[in-house]
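Heads up, the thing below is written out as structure tokens.
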Amino acid sequence: MSQLSIGIVGLPNVGKSTLFNALLKKQVALAANYPFATIKANVGVVEVPDERLKVLADITHQAEKLTALPPIKHALVEFIDIAGLVKGASQGEGLGNQFLANIRETQAICHVLRAFDDQNVSRESSVSPIEDLLTIRTELQLADLNTLEKQSPPKGSSSKAERERWSIIENFKKSLEQGQNVLPTDARTRGNDFSLNETEALVAQELCLLTAKAEIFVINVNEGDLLKAPALQQEWATQLNLSPEQIVIISAQIESQLAVLDKDDQLAYLQDLGLKESGLERLAKVAYDTLNLQSFLTAGEIEVKAWTITRGMTARQAAGVIHSDFYDKFISAKIISFTDFVSVGGWQGAKEAGKIRQEGRDYIMQDGDVVEFMIGR
């Protein structure tokens, strides 16, 4: 799959720019580690933290008797800066058209909501996280309604598929007219029965509907509130009628300070704050989970890497993520769980212990599978 991209959305003066500037500063450090990556000026890149990669690198280093650790490459999340939203964006107010076009290109939306107090930063159109989210969602819903109202009903000789498509469009319109997103906002807490089915998802994708995208939420708080993050996460989940797993409590100001420090200084600063990882790292994890993603791992002399796939992907589809030719020329996959790989000390130990499984094209990949694909010519 293509690299995960998420649009950062917010009203003026909620801390969106501060957060994105922190992402850009972090991007500079990442670019040095990924010299062949093309990074656009309006994109900030964050690694998805995965402690398993360092373990695999250490094991590979020892087992293969390498002179140095193989390079470690984490899964990445792109955060795209979206032009600031104002009331009336759905009608082209402010940079409304640009705002909506940019969101359509992303896979998910990250709402930045202001919960910090700063007399030096005026609120302008921002009132409170609850009101701010209502404003943003209303504009997105109105934009989707505009899209749907341009669709024409099927004619008398229409096919069953065309009639089904129109029924879905009418249901989408009904939800939007009731002030609800196309993708139910409680889908994560109530299970798949409340999410879009495959046909609905295809129609929403074809029409580039904004409210069919998954959402994550950043609550931008005062520095002193970070230690209360777990309680605040639950509190805001209740007030916003969301799942706590969709919410990240962040101080954008702290993130901007962390972004310019080297790794050791970052860890020291986080320890002083009583935190284990930065808000941007937590945000990357939440983004990964919200979009139903997981990682399979490869470990060798050249590199140790996490590859991003959607949960439920087959071995053949996962091979195609590495290279499109691998999908067509897939033969089989040698697979071992991360836990077993560690316990036996690498590929050779796994072979001797009989821990390697030979899986076919339809095997459903599991998070943390360590894989070597067999590819034909």
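For residues that are among the charged types (D, E, K, R) and surrounded by fewer than 13 Cβ atoms within 10 Å (Cβ to Cβ), scanning just the range 337-377, find the one that is nearest to N292 (Cα to Cα). Only one residue fits best here, namely D362.
If you scan the range 219-235, which residues turn out to be of a type in the set (A, V, I, L, M) and either out of contact with any Leu (no Cβ under 7 Å at 6 or more places or on another chain) or open to solvent by 70 Å² or more (accessible area, probe 1.4 Å) (or both)? Matches in the range 219-235: L227, A229, A231, L232.
Let's see how each residue does on (1) under 23 Å from the mean Cα position of the chain (by Cα); (2) in contact (Cβ under 8 Å) with a residue 60 or more places away in the chain; (3) over 11 Å from L226 (Cβ atoms); (4) open to solvent by 20 Å² or more (accessible area, probe 1.4 Å):
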position	(1), (2), (3), (4)
A237	yes, no, yes, no
N241	yes, no, yes, yes
Q246	yes, no, yes, no
I250	yes, yes, no, no
S256	yes, yes, yes, no
D265	no, no, yes, yes
Q271	no, no, yes, yes
K276	yes, no, yes, yes
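On inspection, R316 qualifies as touching a helix residue (DSSP H, G or I) at 6+ places or on another chain (Cβ under 7 Å) and over 30 Å from K65 (Cα atoms).
Checking the range 192-203 against the condition returns a match, with at least one residue being modelled with pLDDT of 90 or more and among the charged types (D, E, K, R). Out of the residues in the range 127-164 that are β-branched (V, I, T) and more than 14 Å from L207 (Cβ to Cβ), state the one that is surrounded by the most Cβ atoms within 10 Å (Cβ to Cβ). Across the range 127-164, the extreme among qualifying residues is I136.
Of all residue pairs spaced 6 or more apart or on separate chains, those with beta-carbon atoms under 9 Å, a first member in the range 317-336 that is without any contact (Cβ under 8 Å) to a residue 60 or more places away in the chain and open to solvent by 10 Å² or more (accessible area, probe 1.4 Å) and a second member that is part of a helix (DSSP H, G or I) and hydroxyl-bearing (S, T, Y) are Q317/Y327; G320/Y327.
Entry remark, the range 44-75: residues being basic (K, R) and open to solvent by 60 Å² or more (accessible area, probe 1.4 Å) number 2 in total.
The values are calculated or read from the model by the stated rules, or taken from the named source; none is laboratory data. Note that the structure is predicted; figures quoted are calculated from it, not measured. Ideal geometry is used to build each Cβ from the backbone, glycine not excepted, and the neighbour counts take in all protein chains shown. To get the accessible areas, we keep the full protein, side chains included, count just its heavy atoms, and leave off ligands, DNA and RNA. Shrake-Rupley method; radii C 1.70, N 1.55, O 1.52, S 1.80 Å.
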